[in-house]
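So the structure is just underneath, and the comments pick up after that.
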Amino acid sequence: MVSERPLRLAITATGLDKGALDAEQFLEIDEEARVVRGKGLPSAETGLHLAIVGARGAGAVLHTHSMWSTLLSESFAANGAVPLEGFEMLKGLTGVRTHEHKEILPIFENSQDIDQLAEHVEVLLKRDPALHGFLIRRHGLYTWGRDLAEAKRHVEVLEFLLQLLGRSKSGV
Ligand SMILES: [Zn+2]
């Protein structure tokens, strides 16, 4: 987040190689997803980022299309969530103090109707303040933090635990 009042969010333009980003490639948008600085179209999923900022007051939102988040969002779809429980790495999530914690990653159906998806996400995030992230089915992981460092740590922790769970289920 660039500023809170008025809300200004830095977001990547759509279609860029995320491995080769520099400051030029970030757009600045307002709370209606209008570009106020920079060139290009904001990410197609801007509405989701804004919903998370709105529901959680997050300073940074990160999203991955990783192999394990995609795979487990499908294999746990019937349960509606992926449970992550009993691992020391859970303590990397802000507010979690013991490995005995049970973290739930809810799974939303994927949709090209981002506004509707964002509405569902906002309702759930407001209802359950303990969540640190969620999955979109056959798509990927969303997580957030009060700043970029915290959001990055949450990506690392959740991706690690998803990989661990996926590999233990498949025996590899
Ligand atoms: Zn995506």
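Read-outs: derived from the displayed coordinates by stated rules, not from any lab. Please read these numbers as outputs of a predicted model, since none were measured by experiment. Don't worry about glycine lacking a Cβ; one is built from the backbone with ideal geometry, like all the others, and counts go over all protein chains shown.
Taking the chain as the reference, fit the longest principal axis to its C-alpha atoms, fit the long axis of helix 114-127 to the helix C-alpha atoms, and give the angle between the two in degrees, 0 to 90, nearest 10.
60 degrees
Starting from the Cα gyration tensor of the stretch 1-132, take the square roots of the eigenvalues, sort them a ≥ b ≥ c, and report rounded, prolate or oblate (rounded when a/c is under 1.5, otherwise prolate if a/b is larger than b/c, else oblate).
The shape class here is prolate.
Could you name the aspartates and glutamates in cross-link range of K91, using Cα to Cα under 13 Å and dropping any fewer than eight places away on the same chain?
Result set, ordered by chain and number: E100, E103, E150, E156.
Could you list F76, F160 so that the one with the fewest beta carbons within 10 Å of its beta carbon is first and the one with the most is last?
Ascending number of Cβ neighbours within 10 Å: F160, F76.
So what's the back-of-envelope 222 nm ellipticity for the chain, counting only DSSP H runs of four-plus at -39500 (n - 2.57) apiece and dividing by all residues, rounded to 500?
It lands at -10500 deg cm²/dmol.
What's the longest bit of the chain with no exposed GluC sites (Glu not before Pro), using DSSP loop states and at most 16 other Cβ atoms within 10 Å as the test?
Answer - 33-99.
Measure nothing fancy, just the Cα-based angle from helix 148-170's long axis to the longest principal axis of the chain, in degrees from 0 to 90, nearest 10.
So the inclination is approximately 40 degrees.
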